[in-house]
Amino acid sequence: RLLEVENLISKQPLGIRRVGIWGMAGIGKTMVAEAVYSQMKGDYETRSFIRNFEKQFQKKGLYHLRDRRLPPRVKDKLDINKSISNDSQQEMIIFLVLDDVRNPVNAESFLGGFDWFDPGTVIIITSRDKHALLQCRVSEIYEVKKLDDEEALKLFSASAFGKVLPENAYQKVSEMVVKYANGNAKALSCYGAKLKGKTPEEMEAEFLKHKRSPPSDIVELFKSSYDELSDNEKNIFLDIACFFSGKSVEHVDQALEGRGLFVSIGIQYLSEKSLVTKTGDRVEMHELIQDVARKILDQEVENG
């Protein structure tokens, strides 16, 4: 994954190189960005990695976040109240990572635009929203794929047992968790931590309980994406979760046509938000997201 992102950067002509890292919540976008940053940061005197950009932007505001997280030379360049100094005339080549961008307008205002940096600059943006990356004018997008079963088992085992692989007595329940998480790194780590220290029987019972009612940190992982949807998109999302995962887009469109929902457009948007995937003419939803969707629906019914 590290080499693939580095190749997307290096193959761009010398200029401002912008790469987006895209994928569903919890899939490992931040880990990939951190690996690339760790590998390349030594080549840049001016650099910054801003984790949870959107959350920090909302909490701290534009100017406070700039003051805290941008390198001094970049801040000076953006400060319209400062006079132009000799230093500000120097090349502005930076290595910058914005992690978890949701609103491209916030990212653009934070940087004062995407195009004023000097050639050689590298900007990496992670997002679960493909359309947001396109609005940030990235030149290349790397989609983070799910972990394969071997990688997933090792990650779960490290979290649950502190070992590379589980002992034989825990093999069955470990494989149950791996199948359910379907390559989602955050879910594997979360369930590993919650099931740690239990017998195989206790672990299986606890896992099935969490599967019926996903823990709050898993729900919140996806609910923030759900909250950003329009009413039309929320309805389509919940209907797919409850009834139509694995069905053709045409089937879903016909089933929902009487409700005035713009199904094809909605499915495309949900796909760009990493909440569903389109395989051929079929729309599919990760089982983990389906369970979270049902939990959200139950909460909405309870709240009236």
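Please treat every number below as a calculation from the coordinates, not as lab data. This structure is a prediction, so every number in the text was calculated from the model and none was measured. Reconstructed Cβ throughout: ideal geometry from the backbone, glycine too, with neighbour counts over all protein chains shown.
Structure notes:
- Residues Leu208, Leu65 arranged by fewest to most Cβ contacts within 10 Å: Leu208, Leu65
- In loop segments of segment 1-52 as defined by DSSP, the GluC sites (Glu not before Pro) with at most 12 further C-beta atoms inside 10 Å of their C-beta are Glu45.
- Only one residue of Ser230, Ser271, Leu261 has its Cα farthest out toward the positive end of the dipole of segment 219-302, where Lys and Arg carry +1 and Asp and Glu -1 on Cβ, and that residue is Ser271.
- Å³ per residue enclosed by the Cα convex hull of segment 225-304: 86
- Max-minus-min Cα coordinates of segment 69-222 on each principal axis give 69, 27, 27 Å, with the largest extent listed first.
- Between segment 205-219 and segment 162-197, the alpha-carbon center distance in angstrom: 13
- Histogrammed with a bin width of 10 Å, the alpha carbon distances of the chain distribute as 6, 24, 28, 24, 13, 4, 1 percent, first bin at zero.
- Listed residues Leu133, Leu62, Asn303: farthest to the positive end of the dipole of the chain (Cβ charges): Leu62
- Counting only aspartates and glutamates at least 8 places from Lys198 when in the same chain, those with an alpha carbon closer than 18 Å to its own are Glu167, Glu175, Glu206.
- Counted by Cβ distance under 14 Å from Phe95, the other residues give a net charge of -1, where Lys and Arg count +1 and Asp and Glu count -1.
- Across Lys130/Lys295; Lys163/Lys223; Lys179/Lys278; Lys41/Lys130; Lys11/Lys146; Lys59/Lys196, pairs whose alpha-carbon gap is larger than 23 Å: Lys130/Lys295; Lys163/Lys223; Lys41/Lys130; Lys11/Lys146; Lys59/Lys196
- Ordering of 131-142, 278-289 by packing is 131-142, 278-289, highest average first (other Cβ atoms within 10 Å, averaged per residue).
- Relative contact order of the chain, pairs being alpha-carbon contacts under 8 Å that are 6 or more residues apart, as %: 19
- With only Cα atoms counted, segment 2-143 has Rg and Dmax values of 14.4, 44 Å.
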